[in-house]
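Please treat every number below as a calculation from the coordinates, not as lab data. Keep in mind it's a predicted model, so treat the numbers as computed, not measured. Cβ sites come from the backbone with ideal geometry, for glycine too, and all protein chains shown count toward neighbours.
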Amino acid sequence: MSKKPEKAAPLNEPDRSALLSTLVSSSTLKPDQLKALLIAMDNFDVLAKVFLLEGLPFVFSNSPMKYLIFREQVADRFEIGYQDVCIVGSAKLGFSPSAQKFGVPFSETSDVDVVVISHSLFDQGTHALFQHINKVGPPLDFNARSNPVSVPAGEWRVHKEAVRNYVYENFNPGLLPFDHALRREVFSNISSTSALFLALEPQVFVSKIRCRVFRNWRAAEAYYTNSLRQLKAMLSGGRADVIELEDDDDDESVAADAETR
């Protein structure tokens, strides 16, 4: 029998005031504060915007001007505005907000996850990815429709994630083959900023820099709002009716790998 989700206990006035203060006046969070907000709330749009997508990231907390430089460098390479670039994940909060690794502190083995908002790159990348997966697997045989078809698990995962990402208007360049020109171009553009992290005080040693491209901000907000729903479901000990997101932390195929070295 599956465990029932934990119901939030009614908040007393001091707890309510503390949560409101965190939501209104704080630009940073600790894991227990995020958990308390998630358990107490049902609408995560504001949380996603304020704490996951906006504000100064943990890794640039002592160097706000260098974060602006980072955003401008990435934006220049993709020919977009700097406001269409941000850092998310553990590099943003100082700990992982993912349901798989919640609360794990950012360290030199952590990845830096970058969001890029670009309608044109989303279209270009999705087209390239669909071209690739169209060539993968057994060919269509309309004369043998009832015959079972076997597809390797890795290929099936790429197919499923490519379609799901398209539906939710984002493109993961790590799903392209390692030697694909567009994949290498995207990660080269991102990893060329790694020197900025070494120039921080204290220095930040980046394991990998990863990138996810969204068609627009609305798509990015919806994606990370849903990630908070997943996290709440995990913290509550149940399973909410949410869209399953990729577990990037455990998927080497979505990392920049050698491009960041």
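Take the residue pairs Lys30/Lys160; Lys101/Lys135; Lys66/Lys208 and return only those whose Cα atoms are more than 27 Å apart.
Numbers: Lys30/Lys160 34 Å; Lys101/Lys135 35 Å; Lys66/Lys208 19 Å.
Where the Cα-Cα span goes over 27 Å, the pairs concerned are Lys30/Lys160; Lys101/Lys135.
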P(r) over all Cα-Cα pairs of the stretch 140-184, 5 Å bins from 0 to the longest distance, whole percent per bin, short to long, reads 5, 19, 17, 19, 18, 11, 9, 2
Find the relative contact order for the stretch 18-125 and round it to a whole percent, using C-alpha pairs within less than 8 Å whose residues are 6+ positions apart. 22
Taking all pairs of distinct alpha-carbon atoms in the stretch 63-216, Kirkwood radius in angstrom: 17.2
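Find, among the trypsin sites (Lys or Arg not before Pro) in the stretch 102-191, those assigned to loop by DSSP (not H, G, I, E, B) with at most 12 other beta-carbon atoms within 10 angstrom.
Working: sites: Lys135, Arg145, Arg157, Lys160, Arg164, Arg183, Arg184; in loops: Lys135, Arg145.
Here the sparse-neighbourhood loop sites are Lys135, Arg145.
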